Amino acid sequence: MQQRGLMFLRIIGQIVVLYLLSEFGKWLMAILHIKFPGSIVGLIILFILLISRVIPESWIANGAELLLAYMMLFFIPVTVGIVKYPELISGQGIIIIGIILVSTIISIIASGKITQLVEVQVEKQNENHKEKIKEPSFENIQQ
């Protein structure tokens with residue numbers, strides 16, 4: 001029971017870290033008077049911190065996993081708003097659907113290409129690792 005409580009607190013803390021980074025990005029854009037989504041800037045900052053290993057992945061992994069698991073719930077209010085006010089998008093609905101389809105296809109292609117590049121890198125690392133660890137031959141043992 002105590003273990004579950006600690007895990008719950010850890011996840012809450014990780015979500016708070018993600019939220020603070022998002023808010024920092026919003027604050028930064030407001031201070032700089034730049035018309036760009038602050039939450040995206042927060043994600044870019046998070047990405048940089050993860051790549052540079054300033055923040056270990058373990059500091060946010062469980063919280064991010066929980067948010068991703070329930071992400072669809074965050075889109076329900078937007079969907080209801082669109083259904084409730086169809087006149088807002090009626091004239092531009094085809095354009096919006098086209099943009100959504102094109103961006104989805106681009107995202108799928110980009111994700112696939114990046115995954116293939118990562119797999120090639122991992123395979124190269126595994127091959128290099130196997131070359132470094134050579135099994136002793138029978139001839140070396142007899143000597």
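The values are calculated or read from the model by the stated rules, or taken from the named source; none is laboratory data. Quantities reported herein were computed from a predicted structural model and do not represent experimental measurements. No Cβ is skipped: glycine too gets one built from the backbone with ideal geometry, and neighbour counts run over all protein chains shown. Heavy atoms of the whole protein, side chains included, go into the accessibility calculation; ligands, DNA and RNA do not. Shrake-Rupley method; radii C 1.70, N 1.55, O 1.52, S 1.80 Å.
What the table below lists for this structure:
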{"quantity": "Residues with amide H under 5 Å from that of I55, placed H, sequence gap 5 or more", "calculated": "L50"}
{"quantity": "Phi-based couplings in Hz for segment 113-124 (Karplus 6.51, -1.76, 1.60; Gly and Pro marked x)", "calculated": "5, 5, 4, 4, 4, 5, 4, 4, 4, 5, 4, 5"}
{"quantity": "Angle between the chain longest axis and helix 71-84 axis [Cα atoms, degrees, rounded to 10]", "calculated": "20 degrees"}
{"quantity": "Mean-position separation - Cα centroids, segment 107-131 and segment 8-28, in angstrom", "calculated": "30 Å"}
{"quantity": "Accessible-area composition of the chain, carbon plus sulfur, in percent [1.4 Å probe]", "calculated": "69 percent"}
{"quantity": "Count of Lys pairs (Cα-Cα under 18 Å; at least 8 positions apart or interchain) in the chain", "calculated": "4"}
{"quantity": "Whole-Hz couplings from phi, Karplus 6.51/-1.76/1.60, listed for segment 39-47; x for Gly and Pro", "calculated": "5, 5, 4, x, 5, 5, 4, 4, 4"}
{"quantity": "Solvent exposure of the chain as accessible area per residue, Å², 1.4 Å probe", "calculated": "89 Å²"}
{"quantity": "4 °C / 1.567 mPa s Stokes-Einstein diffusion coefficient of segment 56-125, Kirkwood radius on C-alpha pairs, µm²/s", "calculated": "82 µm²/s"}
{"quantity": "R0 of 22 Å, Cβ-Cβ distance I114-I31: FRET efficiency to nearest 0.05", "calculated": "0.10"}
{"quantity": "Segment 28-118: trypsin sites (Lys or Arg not before Pro) in DSSP loop, at most 13 other beta carbons within 10 Å", "calculated": "K35, R53"}
{"quantity": "Cα lying deepest toward the dipole's positive end in segment 23-94, options I60, Y70, F47, charges on Cβ", "calculated": "F47"}
{"quantity": "Accessible heavy-atom area order of M29, M72, M7, highest first, probe of 1.4 Å", "calculated": "M72, M7, M29"}
{"quantity": "Expected 222 nm ellipticity per residue - DSSP helices of 4 or more, -39500 (n - 2.57), all of the chain, to 500", "calculated": "-27000 deg cm²/dmol"}
{"quantity": "Column: log10 I(q)/I(0), Debye, Cα scatterers of segment 12-114, q = 0.14 Å⁻¹", "calculated": "-0.83"}
